[in-house]
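Heads up, the thing below is written out as structure tokens.
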Number of protein chains: 4
Amino acid sequence: MRPVCLVLGAGAGIGGNVGKRFARGGYHAVLCRRSDQEGLDQLVHEIEDDGGSATGSLMNAIEEGAIENTVAEIEAEIGPIEVVAYNLGAQIGDRALANTSLKQFEVGWRLATFGLFRVAHAVCPQMEERGKGVFLVTSATAAVRGNKGQHSHAAAMGGRRMLCQTLNAEFAPKGIHIAHILIDGAVDAPDTLGKMLGPERFRQLREARGQEHDGLLLPEKIADTYWHIANQHRSAWTHELDLRAYSDTAWWNHA
Amino acid sequence: MRPVCLVLGAGAGIGGNVGKRFARGGYHAVLCRRSDQEGLDQLVHEIEDDGGSATGSLMNAIEEGAIENTVAEIEAEIGPIEVVAYNLGAQIGDRALANTSLKQFEVGWRLATFGLFRVAHAVCPQMEERGKGVFLVTSATAAVRGNKGQHSHAAAMGGRRMLCQTLNAEFAPKGIHIAHILIDGAVDAPDTLGKMLGPERFRQLREARGQEHDGLLLPEKIADTYWHIANQHRSAWTHELDLRAYSDTAWWNHA
Amino acid sequence: MRPVCLVLGAGAGIGGNVGKRFARGGYHAVLCRRSDQEGLDQLVHEIEDDGGSATGSLMNAIEEGAIENTVAEIEAEIGPIEVVAYNLGAQIGDRALANTSLKQFEVGWRLATFGLFRVAHAVCPQMEERGKGVFLVTSATAAVRGNKGQHSHAAAMGGRRMLCQTLNAEFAPKGIHIAHILIDGAVDAPDTLGKMLGPERFRQLREARGQEHDGLLLPEKIADTYWHIANQHRSAWTHELDLRAYSDTAWWNHA
Amino acid sequence: MRPVCLVLGAGAGIGGNVGKRFARGGYHAVLCRRSDQEGLDQLVHEIEDDGGSATGSLMNAIEEGAIENTVAEIEAEIGPIEVVAYNLGAQIGDRALANTSLKQFEVGWRLATFGLFRVAHAVCPQMEERGKGVFLVTSATAAVRGNKGQHSHAAAMGGRRMLCQTLNAEFAPKGIHIAHILIDGAVDAPDTLGKMLGPERFRQLREARGQEHDGLLLPEKIADTYWHIANQHRSAWTHELDLRAYSDTAWWNHA
């Protein structure tokens, strides 16, 4: 029985590519995303065509019990969850405080902070019993500094980062590796950046900075580092790292 | 009409002392706390006996509309809120993940993160119109690093810190001063530390480290710095600072 | 005998104003700077005209023994040094690596890092014996993030910040208060910013952002916070804080 | 002609293992250390026995011109330096300020900060011309927080970290990857930890925490991550990461 890599937030960007990478490495990838059954099926087929093993399901992580039931079903029917790639977030763009509703702020937290707590709550007991597990938490610049118009996103991501540290403090000595991976820049991902910008602006950005310029983070290259982190020897684990395109400006520098 | 200093979380520790300090400085202090009408009345009387002006009310900040209504009533009936001292939190002690319920995690966020968002949402429009305002946000070490057993507290406080930065980025140029004040140590406060430890252990700690040793943070001394921050000239505002007893070890150092 | 506030780097900006503020508070200010005897004399006269007590001397802090001799002379002839305002630095502007000589890099370190170590080395034993002392260390954004062209400045300031933390860890429990004060923005100071920009550009900047706009940090307002920090009760000391103009962008945010 | 991986500080711990790892990956390793010709020769032989290519020389990095001449000779006679593993430091143990001489403080800086500046100064022009290069900078917890007794080490490492950021800001867009690798814990290295503790205490520590417990960082496992970092695709580079044993406490947590 293959160990399972559970990807929460498995679109065509980081999540999907992490699923592919771990499937190629011998894991069964379980791909969850909120919508787009077609995109999900295609991802599963691509993995299978590549000789890997994967299943997927649509899941609204905000719903009560959704994450918990998914974990229970996988553990009961598919295999032991060894890796969780937590890739959910709610970047709602640049919004002034007055334009950020209480509801939006709460949804941001439910996706970016509470969901991670819930999946950890659901799966850590089993991982602890097995003495092994990995959480690969996709994070954002907003986890380390709050910028204008990012009230919801930054508060949620800042909570997420501190949660990663508390999980690490409790579970690393039990063999569970938690990694907080700060993606500091735009990812070449049609499902997220593409939707945020719209097709025309996304195409222009790719031409100007992406593709042969490598000025956008390529999700398949990000996935290579996720794979490395998950395979670090336990005597030398990384808890926090950043990733950005070589040509981009680090968040702590001004352009 | 005196300007109002609204204290959310006005116990006998930081909150109450900040109320006293601002009342002494000419503000009308509005003191809100969840319970203990007697303690609240006593605080109001102490301020009045000292020649100051104060009112108080019990308020459960988690309830829908509670913060918003309080802000509206003050603005309509008492005076312009110039200073908000946000002093709410939900330190539930050291709890393993398995012993931290989803409910507790959510309550931690509602008090420490969402409540600040709500009060900012409610009062910033008026402050912006008046071109002036101050948020003094009491924060904790958990806002900058997550320790074992602090899942709820650290996630909530980490979110709070990032929220302070987003508020600062949007509102500082509009004359609203947001300060994130990291209290890095035990405060000599009967309502919080005293309740957490119980009367006997609190008495022992005070004898060993507090009182003439000044090894616990004295809330009336903390309040002096809150007052200074609120009165900084706008050409030289502090956004983040830490406070700890001289004899204590900084959070980034090991004892 | 008045306690002494020793200002290293006492130009017309932060250093001079800190000297004035502490003289007004009852200290004898000893003002040291590398050059401009006339400017130094004027500063001393302004303090004396204001009813304060001050002396000054030109001193090249890089010279072997210069700092040490100054400390010894003050302690022997003037009075106990209670406060050191360390205000030296070597911001040489934006220089590519190829244009930063080994000599410049070393001078940056000698002024910004080594000088602080030397003055601490010279004066801490006496402060420790008296059980009291304060170091107010003017720092810069470069202490917390390295930007392009800042090789010398950032390396020196980053070292300075870590040195402040080691000094705090050793000496705070002995009653010596070390504060690292991050000045995050342009200071309205003719001796430093004025010289860097030249008179015409400095005049334009002041008109555009400074003066009634308060968009440059006013050194006399900065000095008020230095005074507050030096007077915090030992149960609630600040080790790190930032200062910036309300209208300016924090270093962690992009404009 | 094989590309060169230059290791400065090539003892039996991180440096030597990084040399081995890169030699195994097709680089010619140039190993430099201050003393122990025998140990150096053995390292070279081990690499050659493993089918790799290496040379070594004793070098005192503090001496004027030593780093610069080494770089020039390698570039002229061996091959293009593609990777620099900067592994020099001067951890002199826990020393109170009074016991840290000015000389020691300066040596700490010369090894940990200035040496990195010098090697970057010497080799970046060639790397820039070739549009490629990697700096793998071994760093320490002292780079991010100053602890008691670490005056020299922390000031030097804090400067080093800021220098890494300025180098990254200038050279990443030119294809030169700078990585600051924070080793947060004790490394199972006879040349450094072994010498600091002495043979008996080192043996005891290895038995208690190292070996099958994996509670000390194993340098050959650290080297795997150095290798990964050096091979990241330029669209997704890591600038900062930490490494610690799974069972160890992170620096920001208290034991």
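The values are calculated or read from the model by the stated rules, or taken from the named source; none is laboratory data. Keep in mind that this is a model prediction, so the values were computed, not measured. Ideal geometry is used to build each Cβ from the backbone, glycine not excepted, and the neighbour counts take in all protein chains shown.
Matching residues to (1) within 26 Å of B:Arg145 (Cα to Cα); (2) more than 9 Å from chain A (Cβ to nearest Cβ); (3) modelled with pLDDT of 90 or more; (4) in a helix (DSSP H, G or I):
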{"site": "D:Trp227", "(1), (2), (3), (4)": "no, yes, yes, yes"}
{"site": "D:Arg234", "(1), (2), (3), (4)": "no, no, yes, no"}
{"site": "D:Asp242", "(1), (2), (3), (4)": "yes, no, yes, no"}
{"site": "D:Ala250", "(1), (2), (3), (4)": "yes, no, yes, no"}
{"site": "D:Asn253", "(1), (2), (3), (4)": "yes, no, yes, no"}
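Just to verify a result, which residue in the stretch C:143-160, among those that are without any contact (Cβ under 8 Å) to a residue 40 or more places away in the chain and surrounded by 24 or more Cβ atoms within 10 Å (Cβ to Cβ), is farthest from the other protein chains (Cβ to nearest Cβ)?
Filtering the stretch C:143-160 for residues that are without any contact (Cβ under 8 Å) to a residue 40 or more places away in the chain and surrounded by 24 or more Cβ atoms within 10 Å (Cβ to Cβ), the one farthest from the other protein chains (Cβ to nearest Cβ) comes out as C:Ala143.
Can you pull out the residues in the stretch B:103-124 that are aromatic (Phe, Trp, Tyr) and either more than 19 Å from B:Ile181 (Cβ to Cβ) or surrounded by fewer than 22 Cβ atoms within 10 Å (Cβ to Cβ) (or both)?
Correct list: B:Phe105, B:Trp109, B:Phe114.
Taking into account only those residues within the stretch D:209-223 that are under 13 Å from D:Gly16 (Cα atoms) and facing chain A (nearest Cβ under 7 Å), which is surrounded by the fewest Cβ atoms within 10 Å (Cβ to Cβ)?
Among them, the one singled out is D:Lys221.
Can you name every residue in the stretch D:22-58 that is assigned to a helix (DSSP H, G or I) and either closer than 13 Å to D:Leu8 by Cβ or not charged (D, E, K, R) (or both)?
Across the stretch D:22-58, the qualifying residues are D:Phe22, D:Ala23, D:Gln37, D:Gly39, D:Leu40, D:Gln42, D:Leu43, D:Val44, D:His45, D:Ile47.
If you check A:Arg110 against the conditions, is it outside any helix (DSSP H, G or I), more than 25 Å from A:Arg21 (Cα to Cα) and of a type outside the set (A, V, I, L, M, F, W, C)?
Answer is no for this residue.
Just need a number here: residues in the stretch B:68-94 that are assigned to a loop (DSSP other than H, G, I, E, B) and among the charged types (D, E, K, R).
1
Which condition number in (1) aliphatic (A, V, I, L, M); (2) closer than 18 Å to C:Leu111 by Cα; (3) part of a loop (DSSP other than H, G, I, E, B) is the one that C:Met157 fails?
So C:Met157 meets the others, but not (3).
Among the residues of the stretch D:114-142, how many are at the interface with another protein chain (Cβ under 10 Å from one of its Cβ atoms), of a type in the set (A, V, I, L, M, F, W, C) and under 16 Å from the mean Cα position of the chain (by Cα)?
Result for the stretch D:114-142: 5.
Going by the structure shown, is B:Asp184 out of contact with any Asp or Glu (no Cβ under 8 Å at 6 or more places or on another chain), away from chain A (no Cβ under 12 Å) and among the acidic types (Asp, Glu)?
No; evaluated as a whole, the condition is false for this residue.
Taking the stretch C:103-113 only, how many residues are of a type in the set (Val, Ile, Thr) and at the interface with chain D (Cβ under 7 Å from one of its Cβ atoms)?
1
Which one is farthest from the other protein chains (Cβ to nearest Cβ) among residues in the stretch A:45-102 that are surrounded by fewer than 16 Cβ atoms within 10 Å (Cβ to Cβ) and on the phi > 0 side of the Ramachandran plot?
That would be A:Gly51.
Could you identify the single residue in B:Leu136, B:Leu111 that is at negative phi and without any contact (Cβ under 8 Å) to a residue 60 or more places away in the chain?
B:Leu111
Could you tell me which of the residues B:Asn87, B:Asn69 is at pLDDT 95 or above, over 18 Å from the mean Cα position of the chain (by Cα) and not hydrophobic (A, V, I, L, M, F, W, C)?
B:Asn69
Any idea which of D:Arg95, D:Arg130, D:Arg110 is out of contact with any strand residue (DSSP E or B) (no Cβ under 9 Å at 6 or more places or on another chain) and among the basic types (Lys, Arg)?
D:Arg110
Can you pull out the residues in the stretch A:170-198 that are part of a helix (DSSP H, G or I), small (Gly, Ala, Ser) and in contact with a helix residue (DSSP H, G or I) (Cβ under 9 Å, 6 or more places away or on another chain)?
Listed by number, the list holds a single entry, A:Gly194.
From the residues in the stretch B:233-249 that are of a type in the set (A, V, I, L, M) and farther than 9 Å from C:Trp237 by Cβ, which one is surrounded by the most Cβ atoms within 10 Å (Cβ to Cβ)?
Once the filter is applied, the top-ranked residue is B:Ala236.
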